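Just so it is clear, none of the values below were taken in a lab; they were calculated from the coordinates. Because the structure is predicted, anything quoted here is derived from the model rather than measured. Backbone-built Cβ (ideal geometry, glycine too); neighbour counts: all protein chains shown.
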Amino acid sequence: MKALSLVIILLASLRGARTFHQHAYVPTATGNVGDPCTPSKPTTCGQSELLEETSEQPTGSFGPNVCNFSKIFQIRTTTHSLQRRCSFWSRRCRLSCVSDGNCSGPMINFTRSRIDCCDGFAIARVEPNWPHRHHHHQRHKKFILRNEGCTVVLMPTVVDCLNELNATIFQSFISSAPELLEILNSEDSRVTVFAPRDDAFAELDATALVELFGGEVAEVTLSAHVANSTVPSAKLVNGGVLRTLAENRFLHVTEVQRF
């Protein structure tokens, strides 16, 4: 009987201790519940906007013609406020800076970087046919970039590429737009040209071509075919919208066909 009483007393004391920890409060932030706060890692919302795209020599030991490509984006964050959060295991509560889900916080900038061949160059070796090819290819490519660099010279300018891809008619109109031609001939240009091939103009006579790409509208019409950033084909998606060099003109991707 005494042993049973001791067990009951012990359980009661443990339950009291458990109840005490359940209401214990550990201050980790100053303020009251509901006060606005600044989190250590913001919660982003909405669509990001590309602000700047640069390429420069990477830090560290790399081969020739290797660049560090950086993109600076701007995106909006959600608002945050102090909320009381309790842990089931520790039985402790504390104030935490939690997102409200309201997409009206400040704008922040973030940067994404990658090491790759500079524009106009490529690595000399072919992708190895190994198991788990993607994982090994990434390691293999990094090894080549560090030790050999990018030694294969590609077409130096966008204009040369247009001639090679049978877009000579479009290229001839670009020659009549000196400002755009200077941008495309620059080796430092970070643009993507969406050029119609010569067979796309087969049903148009000379007068119609001049109306579309000649005269005062030439610079604007041609610039509307040039995206103001580097857009790899793998990044193109149906329904995508790209900003062009022409003011308030956008390229709308309606259909993507991969070969």
Report task. Only loop residues by DSSP count here, and only those with at most 12 other Cβ atoms within 10 Å; note down the GluC sites (Glu not before Pro) in the range 165-259 that meet that. Result -> 187, 203, 247, 255
Report summary line: With x for Gly and Pro, the residue-by-residue ³J(HN,Hα) of the range 32-44, computed from phi through the Karplus equation 6.51 cos²θ - 1.76 cosθ + 1.60 at θ = phi - 60° and given in whole Hz, is 10, 4, x, 5, x, 8, 10, x, 6, 10, x, 9, 8
Report summary line: Measuring from its Cα centre, the range 144-259 shows a charge dipole (+1 at each Lys and Arg Cβ, -1 at each Asp and Glu Cβ) which, in debye to the nearest 20, is 640
Query raised in the report: Tally Lys and Arg at +1 and Asp and Glu at -1 over the other residues with C-beta under 9 Å from the C-beta of residue 81: what net charge comes out?
Result: -2
